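Reading through the structure tokens given below for one structure.
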Ligand SMILES: [Mg+2]
Ligand SMILES: [Zn+2]
């Protein structure tokens, strides 16, 4: 499988990465090189094989239902590029 | 007396304990060495004041007889580990001057045991790379130089990646040891390139909490040091169960150092025929044979094994790792921390921020990851790759079930190369560096790389040992035997000062 | 279960009848102290970003750790929906960018939910019950909140809700009218509240409905559906369905086609409008969350939770009918809230006659509470006090009319109703002599009315009223009736 420039733009948008027009062609080449590299996997017989979900032979531990965190709004916001009264501020989101 | 920076971690530990050296002296010597090594670009952030403050406290604790196992030992921390109050960048512009309010579990474990931090080490951006050339803070230069036709070549050599700052700093004696992380070979390959020892523990051995995630199912923390013993000492402190990471294993951490010097007599070592790749360089092949001979001499039993799905590991990795990364890196969106570029609207802000904040390799991998997860491609790429991962793991399971205690392979297909020499036209050329290391991540196994010889052009070459899950002790015992048998690799003199 | 709607449920269009088909996705906030994957408080409200941990804010290197109580709540709910509990389920990441989604993905369950198929029995009216199939129930994280009103050019983000546990309960498209849909949500809410897995508070958003609506000619295959997002009251769910069905019918009758899309109900304007701006190329790229192992437990765990489950509304209703001889409608009303049912049973334990207690609650006390905006838990009268009142009515100690006065007294100055009746002389007069005297007095004072009554027996009521008046409402109305009939000769 290989991608064309429309697909490159669509993936870039899904990834929320702006691409300049002049980058598209180069990206297309690079992505196709990677896709060509992984293409050999198509030939592997995987019938009856379960996809691996975890290499760990153990059960997931759970936490107790206790409030142990929060009340640290200053810490939560300290690195924010824009904030106001303990809110994060972003360009207007249109619904 | 040896210069303090030329002590091994264990020697420094013993000197501090014997009080023939103070942590303050030891730390100051490293700070001075770091200041002279700007040309190597190992550190993104230096923390000398913090280091000296900690050294003073360590000296007081040693005097009180309250020293921890790593008391007063200065280390470097890969800048992928979040460190409380110290800027953490992942070598990316997108984190800007992000300063965590929290400390990663693994680094916290080191501080708990008395170690101290000299600064944050350079790496490939978000740990994506094999040469440390993708860092937003510029490439790291290896302390090694290669022999050209007319003596020493003045080409700058890569230290490997992604933990290139860690490997170069340890090789250049800028710290006694360093933390690193390994997703596809990022500890072992840079260790191999710099003549140092790198350990990727079993998945789940170290907590991932507070370490910037690249590919969650593959990432694992580990040490880079100058000796096998030093790696054992560091790993013991780094490892352990963390309730904040449910993929960390709740099992006691053995005293790895005790395995150093243990007999390897009767140990069964598998040599996988599939690693004898077509076109494998003769000097790497010879090194491997040499490693086999050394282990045999030490009393180990050598068996040929088959890991038939080996060659599919790297392509499958280049589906799984980018897929996980594309999701893990979605949080870098300019909203809560890090870089923000102005945009017309929220989407424009996201797109501009991420285009500017991520370097070319990260953008490429995020896009590939997005593609392989997208509607219509998920089964063909991601699910298939995870099935192949099952097959790779099964290969190892069968080998271990057949009585093999560990597997011996080369660590890398070639010695280090010069900056700009690889991958500039084709990203896949760079990816091939991880061909011997990536299977270990795919199967969640422990792996160790150690120096075993020099290439024709005077650069280090390394062997890799792969162990059963959670049997790092076996690896340390075998690695110590190999270290004993192999000729001593003399680390380069400080040409950079 | 009926495949097609009864004729009475069809909607009349200009060109004939239409059937509306409704399915629902309910997001129910799990009742827990902490969030699904972090130790921050799940409590509603709070100062901005106060109920937020560094995990909820998706700081670099943060990892989720699942809250065991949220898992238990999902299993309990699944049991309450008679559903298949999956002993192994998987958390997936649903990837999309939005400022109130800090991780850039929602942790949800996609291919392998914790609960599979089940069903809900819904009382649409006192005489009609339907079964609504449940497709699945899964656990997922809530998002934060974006406030758009604080500034003209910017949105403000509060992550307090971010990471709170939700159960998404997906129904099958089994409902055929707005009424059925309303009844389904109401029943689901009752079950969740019984189990204690969701408080069902729709104003605070603890229960939110996404309603899928399509229309078709009776007997035809399913039409194209539209999803109406986040309808936040049972009344609005009904209204939204009505207007959306009519909108679709109008389009189809005009020869148009329905575009599958997400819409929003505007209760002010009484219309749904397209949310096309949010619709652009969604591709959620679901994949198993590599930070979380599969969620696994054994049947013994499920069995233990099942044993601790309270009696659920359907079982309670059946028991009330069987044990107390209540009419199904009364039983249904009483079991709507677990607290009401418990209150009713407390009255019976105290000695009240079940049918009389049910009557009293349904016809008097519930209405009184409603008027004041109170609930059975916040109302001022104890079950014992109401039981005493009912017992006095049953034993003819007080009349129904006196009982109404009595409840007003007990309402505002709580006390033992028996003592109040005694102290204020409110006891019903059952002494025939005393009543007879009053009857005679009224008859002799109104000869003209007596004549009228002979011609028109319905005048009897007027006489009853007069006697009751002169006895201060305390005369036993039945005795008054009998005596009047005898004396007037009617
Ligand atoms: Mg949904
Ligand atoms: Zn949902």
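Nothing in this text is a laboratory measurement; each read-out follows from the coordinates by a stated rule. The structure displayed is predicted, hence computed values, not measured ones.
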query: Which value, in nm² and rounded to one decimal, describes the direction-averaged projected area of the C-alpha convex hull of segment B:79-142?
result: 4.7
task: Return the Cα extents of the protein assembly as shown along principal axes one, two and three, sorted largest first, each rounded to a whole Å.
output: 142, 76, 59
query: From Cα coordinates alone, what are the radius of gyration and Dmax values for segment C:6-135 in angstrom?
result: 19.9, 61
message: I'd like the distance between the alpha-carbon centres of segment B:439-497 and segment C:6-67, rounded to an integer number of Å.
response: 52
- request: Could you please state, rounded to a whole Å, how far the C-alpha centre of segment B:165-191 is from the C-alpha centre of segment B:378-400?
  value: 29
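Mind pulling the per residue volume of the convex hull built on the Cα atoms of segment C:407-463? Å³ is fine. It would help to have the intermediate numbers written out before the result.
On the way: hull volume 6.9 nm³, N = 57.
Dividing the Cα hull volume of segment C:407-463 by its residue count gives 121 Å³.
At 222 nm, what value in deg cm²/dmol follows for chain C if DSSP H runs of at least 4 each add -39500 (n - 2.57) and the sum is divided by all its residues, to the nearest 500? Present the calculation step by step, with values, prior to reporting the outcome.
On the way: 17 runs with 189 residues, N = 490.
Rounded to the nearest 500, the figure is -11500 deg cm²/dmol.
If each DSSP helix of 4+ residues adds -39,500 (n - 2.57) and the sum is divided by the residues in chain B, what number results at 222 nm, nearest 500 deg cm²/dmol?
Working: 15 runs with 176 residues, N = 497.
Mean residue ellipticity, 222 nm, calculated: -11000 deg cm²/dmol.
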query: In units of 2.2 N^0.38 Å, what is the alpha-carbon radius of gyration of segment C:432-488?
result: 0.99
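Direction-averaged shadow area of the convex hull around the Cα atoms of segment C:199-344, nm²?
Working: hull surface 61.8 nm².
Computing the convex hull of the Cα atoms and averaging its projections yields 15.5 nm².
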Span from the segment B:53-132 Cα centroid across to the segment B:320-347 one, whole angstrom: 25
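If contacts are Cα pairs under 8 angstrom and at least 6 residues apart, what is the relative contact order of chain B in percent?
Values: 1213 pairs, mean separation 87.9, N = 497.
Worked out over chain B, it gives 18 percent.
Average the reciprocal distances over every distinct pair of alpha-carbons in segment B:315-423, invert the result, and give the Kirkwood radius in Å. Don't jump to the answer; show the numbers that get you there.
Values: mean 1/r = 0.0584 Å⁻¹.
Here the Kirkwood hydrodynamic radius works out to 17.1 Å.
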message: So if I average 1/r over every pair of distinct C-alpha atoms in segment A:48-95 and take the inverse, what Kirkwood radius in Å does that give?
response: 15.9
query: When you take every Cα atom in segment C:311-423, what is the radius of gyration, and what is Dmax, the widest Cα pair distance, in Å?
result: 13.5, 43
message: Report the per residue volume, in Å³, of the convex hull enclosing the C-alpha atoms of segment B:251-395.
response: 214
- request: Give the percent of DSSP beta bridges with both residues in chain B that are antiparallel, rounded to the nearest 5.
  value: 70
message: As a test of the definition: which semi-axes, in Å, follow for chain B when you take the square root of five times each eigenvalue of its alpha carbon gyration tensor? Largest first, please.
response: 30, 29, 22
- request: Can you run the Rg to Rh ratio on segment C:380-490? Use alpha carbon positions and the Kirkwood inverse-distance Rh.
  value: 1.08
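Kirkwood-based Rg over Rh for segment B:216-278 (C-alpha set), two decimals? Before the final figure, lay out each step's value.
Values: Rg = 15.7 Å, Rh = 14.7 Å.
Expressed as Rg/Rh, it is 1.06.
I need the Kirkwood Rh of segment B:35-160: take the reciprocal of the average 1/r across all distinct C-alpha pairs and report it in angstrom. Kindly include the intermediate steps, with their values, before the conclusion.
Details: mean 1/r = 0.0627 Å⁻¹.
The Cα-based Kirkwood calculation yields 16.0 Å.
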query: What percentages, rounded to whole numbers, describe P(r) for segment A:1-43 computed over all alpha carbon pairs with 5 Å bin width beginning at zero?
result: 5, 23, 29, 21, 12, 7, 2, 0
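Across all directions of projection, what mean area in square nanometres is found for the Cα convex hull of chain C? Spell out each step's value before the answer.
On the way: hull surface 127.1 nm².
Directional mean of the projected Cα hull area for chain C stands at 31.8 nm².
From Cα pairs below 8 angstrom and at least 6 apart in sequence, can you work out the relative contact order of segment B:69-218, rounded to a whole percent? Each step should come with its number before you reach the end.
Values: 354 pairs, mean separation 37.9, N = 150.
It comes to 25 percent, rounded to a whole number.
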- request: Using only alpha carbon pairs under 8 Å that are at least six residues apart, calculate the relative contact order of segment C:7-304 and give it in whole percent.
  value: 24
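For segment B:353-471, report the translational diffusion coefficient in µm²/s to the nearest whole number, using Stokes-Einstein at 20 °C, 1.002 mPa s, and a Kirkwood Rh over Cα pairs.
Working: Rh = 17.1 Å.
The Stokes-Einstein estimate is 125 µm²/s.
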- request: Hey, could you get me the Stokes-Einstein D for chain A, Kirkwood radius over alpha-carbon pairs, 37 °C and 0.692 mPa s, rounded to whole µm² s⁻¹?
  value: 169
Global size of segment B:175-250 as Cα Rg and Dmax, reported in angstrom: 11.9, 35
